[in-house]
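Asker: Got a structure for you, questions after.
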Amino acid sequence: MSRASARSVIKEIATGFEDLDVPRSGEPEDGPIGWPGYHAAREAAAERSGEDESVLCGTAKIGEVEAVVIAFEFGFLGGSIGQRTGDRVEAAFARATSAGLPVVSLIATGGSRMQHGMRALSQLQRIARAAAGARSVPQISVLRDPTTGGGWATLGASADVILALPGAQVGFAGSRVRPSDAPAEAYTAEAKLAWGQVDRIVQPADLPTVLERWLRLLASPTTEAAEPPGALGSAGLPDNGWAAVQAARSADRPRAAEYLETYFDWREDVSGDRCGGVDSGVLCGFGWRDGRTIAYAAQCGTPTSPAGFRTAARLVRLASRLGIPVLTLVDTPGAANDAAAERAGAGAAIAELFEAVASAAVPITTLVIGEGGSGGALAFAAPGSTWVTPGAYFSVTSPEAAAAILKLPADEVPALADRLRLRPQDLVDLGIARSVVGPARRV
């Protein structure tokens, strides 16, 4: 599928494809800068590929969801981006916006068309402007082989959800212009996944199903808030603060993954902060429950890194833009506070999530399912819309940290836990939580 023709790739994932009628822009025979032999090269590319440009744009159905499809034809001058490419992509996004249709970009390009000079490079600005103007609709990119240059830096990397085929070459620098000593593995879809720049590697046979699931999820806005999950496990309310802390720290209690599996019929994860980081202790994505979509950002009981906060912020902003309510699950001893976290901008990352939650245009529902350790937990919580399980706690800081700050001996820690009023019932009395949730129902 990576190097297959654009039309064959479309047939693999969609039905009923209809090309958009895009007027041909006037172009001299040898291109906008009079490149010698360009006309002959273009004619040969058309004969070889059966297409008259490097990109096909049209509408089709992926599963039961109608979408605008942008598919690059690598056989036409390496899928390079020229003037007419820009014309078609711009028209595709305009159609998506006017019709309220999601956009799926199937990318295979080496970048800008050298024979068009700066006229080719300037198409990246047109494409970026068109994509930015269509942020009211979901945008999904599929990275084929290769996805380099401006194709990666516009349609590829800017999409809401980024999928990639195994082994695809992905990077801003193409193979002929990168440093000679650069490791080839740095320019792969797998590397981009590890570095938080791709959401998922998808086998070609699975792509139609995965795309249909994503389109169903992202194209299903709703104004109704997510209901909080019920509690898993059989923990009763704790008698004192230290008992609450011990219950939340128990290795046997249910964690975020179990809550998500119980709550949703099915779900799809997003991965990474888009700038080099992945936090495996934060699960983010979109799930299907009772016929509608709910986004989620869930802590898994580990210290949350800057990448975790940035990924959650990215999730909240996307859900807010598409009109999808959000569920957050709080469970962390606190934000990661080692030197690596400080170097990666822990404070700025936490601030980013606080801002995303505070400015969200959709309802956010929070359930505290384990430890609620200080600001690293609070950044995931929705003011006025937070619930708590019987086996959880939420505190200004951990009892141990409070003892250190107040210069108290370690044997004072259990008593401090009580003074901090961190039990589930205390949180309700203080107005931090709306209530303690009852047992979960299985979907």
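The values are calculated or read from the model by the stated rules, or taken from the named source; none is laboratory data. From a predicted model like this one, the values you see are computed outputs, not experimental measurements. Virtual Cβ from ideal backbone geometry, glycine too; neighbours counted across all protein chains shown.
Asker: Quick one: would you say Ile33 is touching a helix residue (DSSP H, G or I) at 6+ places or on another chain (Cβ under 8 Å) and crowded, with 19+ Cβ neighbours inside 10 Å?
Answerer: So Ile33 does not fit the description; no.
Asker: From the list Ala417, Ala392, which one is buried (at least 18 other Cβ atoms within 10 Å of the Cβ) and over 35 Å from the mean Cα position of the chain (by Cα)?
Answerer: Working: Ala392 fails: over 35 Å from the mean Cα position of the chain (by Cα).
Selected residue: Ala417, the only one of Ala417, Ala392 that is buried (at least 18 other Cβ atoms within 10 Å of the Cβ) and over 35 Å from the mean Cα position of the chain (by Cα).
Asker: Mind listing whichever residues of the stretch 96-123 are within 29 Å of Leu217 (Cβ to Cβ), among the aliphatic types (A, V, I, L, M) and touching a helix residue (DSSP H, G or I) at 6+ places or on another chain (Cβ under 8 Å)?
Answerer: Leu101, Val103, Val104, Leu106, Ile107, Ala108
Asker: Next up: Find all pairs meeting these conditions: Cβ atoms under 6 angstrom apart; at least six residues apart or on different chains; first residue within the stretch 223-244 and within 13 Å of Val368 (Cβ to Cβ); second residue crowded, with 17+ Cβ neighbours inside 10 Å and of a type in the set (D, E, K, R).
Answerer: Ala244/Arg423
Asker: Can you confirm whether the stretch 161-179 contains a residue that is under 18 Å from Thr311 (Cα atoms) and small (Gly, Ala, Ser)? Before the answer, list the steps.
Answerer: The initial filter retains those residues of the stretch 161-179 that are under 18 Å from Thr311 (Cα atoms), namely 161-163.
With the extra rule that they be small (Gly, Ala, Ser), the set shrinks to none.
No, there is no match, as no residue in the stretch 161-179 is under 18 Å from Thr311 (Cα atoms) and small (Gly, Ala, Ser).
Asker: Just checking, does the stretch 349-358 include any residue being closer than 24 Å to Ala131 by Cα, out of contact with any Phe, Trp or Tyr (no Cβ under 6 Å at 6 or more places or on another chain) and modelled with pLDDT under 95?
Answerer: There is no residue in the stretch 349-358 that is closer than 24 Å to Ala131 by Cα, out of contact with any Phe, Trp or Tyr (no Cβ under 6 Å at 6 or more places or on another chain) and modelled with pLDDT under 95.
Asker: Please tell me if Gly156 is in contact (Cβ under 8 Å) with a residue 40 or more places away in the chain and in contact with a Ser or Thr (Cβ under 7 Å, 6 or more places away or on another chain). Reasoning before the result, please.
Answerer: On the way: in contact (Cβ under 8 Å) with a residue 40 or more places away in the chain: yes; in contact with a Ser or Thr (Cβ under 7 Å, 6 or more places away or on another chain): yes.
Here the answer is yes, as Gly156 does meet what is asked.
Asker: Looking only at helices (runs of 4 or more DSSP H) that lie completely in the stretch 48-165, which have at least 3 residues being under 26 Å from the mean Cα position of the chain (by Cα) and buried (at least 24 other Cβ atoms within 10 Å of the Cβ)? Let's see the steps before the verdict.
Answerer: Values: elements: 83-99, 117-121, 123-132.
Fully inside the stretch 48-165 and qualifying: 83-99.
Asker: Here is a follow-up. Filter the stretch 269-293 for residues that are free of Cβ contacts under 8 Å to residues at least 60 places away in the same chain and crowded, with 18+ Cβ neighbours inside 10 Å and give the result. Talk me through it step by step, then tell me what you get.
Answerer: First, pick out the residues of the stretch 269-293 that are free of Cβ contacts under 8 Å to residues at least 60 places away in the same chain: 279-285, 291.
Result: Asp279, Gly281, Val282, Leu283, Cys284, Gly285.
Asker: Can you confirm whether Arg216 is more than 19 Å from Thr109 (Cβ to Cβ), among the charged types (D, E, K, R) and not in a loop (DSSP other than H, G, I, E, B)?
Answerer: Working: more than 19 Å from Thr109 (Cβ to Cβ): yes; among the charged types (D, E, K, R): yes; not in a loop (DSSP other than H, G, I, E, B): yes.
When the stated conditions are applied, Arg216 passes them.
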